[in-house]
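What follows is a structure written as structure tokens; I'll ask about it next.
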Amino acid sequence: MGGRLRVESVAGLVWNTQQALFEKLNEIEIDLAVHHSRGATLYIHPTNGFGDEVVPRNRAGKEIDKVFCNGPYRSAADEFQI
């Protein structure tokens, strides 16, 4: 596939965006037959609920601009090769 797939979601609660992403990823896999990927990038534009931008911070108050993920949580069955 050599291009990018862009998923846009309406502003709202994080769980609405989670559901939209889940549904779109499912659609991409089934309808477009995309079963493998080298990775994905997700951009989130956090707000205060009224549309004003906010800056994400960790518990120490430091601004956070990147979050990395090494893949999904491994189940006990995967861990113990059951």
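Every read-out reported here was derived from the displayed coordinates using simple, explicitly stated rules and does not represent laboratory data. Given the structure is predicted, the values throughout are model-derived calculations rather than measurements. Because the Cβ atoms are built from the backbone with ideal geometry, glycine has one as well, and the counts that use them run over all protein chains shown.
Add +1 for every Lys or Arg and -1 for every Asp or Glu among the other residues with Cβ under 13 Å from the Cβ of P46, and state the total.
-3
OK, next. Rounded to the nearest 10 degrees, what's the angle between the helix 14-31 long axis and the longest principal axis of the chain, both from Cα atoms, 0 to 90?
Computed tilt is about 30 degrees.
Report, in deg cm²/dmol and to the nearest 500, the calculated mean residue ellipticity at 222 nm for the chain, where each DSSP H run with n ≥ 4 adds -39500 (n - 2.57) and the sum is divided by the residue count.
Numbers: 2 runs with 22 residues, N = 82.
One gets -8000 deg cm²/dmol as the mean residue ellipticity at 222 nm.
Need one number: convex hull volume per residue for the chain, Cα atoms only, in Å³. Before the final figure, lay out the partial values.
On the way: hull volume 13.5 nm³, N = 82.
Hull volume normalised by residue count: 164 Å³.
Pulled fully out, how much extra length does the chain show between K62 and E79, if you take 0.36 nm times their separation in residues and subtract their Cα-Cα distance? Kindly include the intermediate steps, with their values, before the conclusion.
On the way: separation 17, 0.36 × 17 = 6.12 nm, distance 3.39 nm.
That works out to 2.7 nm of additional length.
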